[in-house]
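As structure tokens, the structure follows; a few thoughts come after it.
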Amino acid sequence: GNWAVDAFVRDVQSYDTWAFDEGDNAYYMNILLGSVGQESFQTIASSWLVDSKPFFLEYTPYWDVVSKVSAERKAYCHRKLSGVQRLEWQGYRLGVVFGEKCISQLADTILEACSDIDICAVILPGSVSLRTRKSDINLGEIAARMGGGGHQKAAAYMIDKPNEDMIRTIMNLQEETTIGKETY
């Protein structure tokens, strides 16, 4: 096989499973894909790989755009930390935040900054996206009970309640209490 293609495939697998750290090539591939769309991303990547060149974004003409978007995403995620609400739910500590974009990165930022949170629930218009780093939690099963689906550490489901009722509706909260908003 072609070593450049093999490296690209490993990065795509890391990207696909969200098994990368900020600054990894897979992280930057995620940003490029989100910035240019799937068709353009495929064209860009394949043009590099055809010549057996490794697809490291910092060596491409797209690096300036990717690094700018990376900085913007990071700043957005850190601003959202102050809006995290903590709830107790079925023995788990749930961190809930309203989000508009960068959902996986937002949840990852929250889980990294808030080690007390077991599950991060990012509320979007019409849906809830769940993320965890805990290996003993299966978010796919939790989301399935809510009519959605996903994987063990990342899942989502649709909701149809207005924002003012949304947090209680998210996980069918009944007697659980809000622990309070903490500032970072």
Full-extension gain between Arg79 and Glu58, please, as 0.36 nm times their residue separation minus the C-alpha to C-alpha distance. 4.9 nm
Over the chain, how many pairs of lysines fall under 25 Å by alpha carbon, counting only those 8 or more apart in sequence or from different chains? 21
How much length is gained if the chain between Gln13 and Lys134 is pulled fully straight, taking 0.36 nm per residue apart and subtracting their Cα-Cα distance, in nm to one decimal? 41.5 nm
Roughly how big is segment 92-141's charge dipole about its Cα centre, with Cβ charges of +1 (Lys, Arg) and -1 (Asp, Glu), in debye to the nearest 20? 80 debye
Determine the share of segment 20-137's accessible area contributed by carbon and sulfur atoms, expressed in whole percent, with a 1.4 angstrom probe. 48 percent
Between Tyr76, Tyr27, Tyr62, where does the largest GNM mean-square fluctuation fall for the chain, given springs only between Cα atoms within less than 10 Å? Tyr62
I want to verify a result. In a Gaussian network model of the chain, Cα cutoff 10 Å, which of these has the top mean-square fluctuation: Lys101, Lys80, Lys53? Lys53
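The values are calculated or read from the model by the stated rules, or taken from the named source; none is laboratory data. Keep in mind that this is a model prediction, so the values were computed, not measured. Here Cβ is always computed from backbone atoms with ideal geometry, including for glycine, and neighbour counts include all displayed protein chains. Heavy atoms of the whole protein, side chains included, go into the accessibility calculation; ligands, DNA and RNA do not. Shrake-Rupley method; radii C 1.70, N 1.55, O 1.52, S 1.80 Å.
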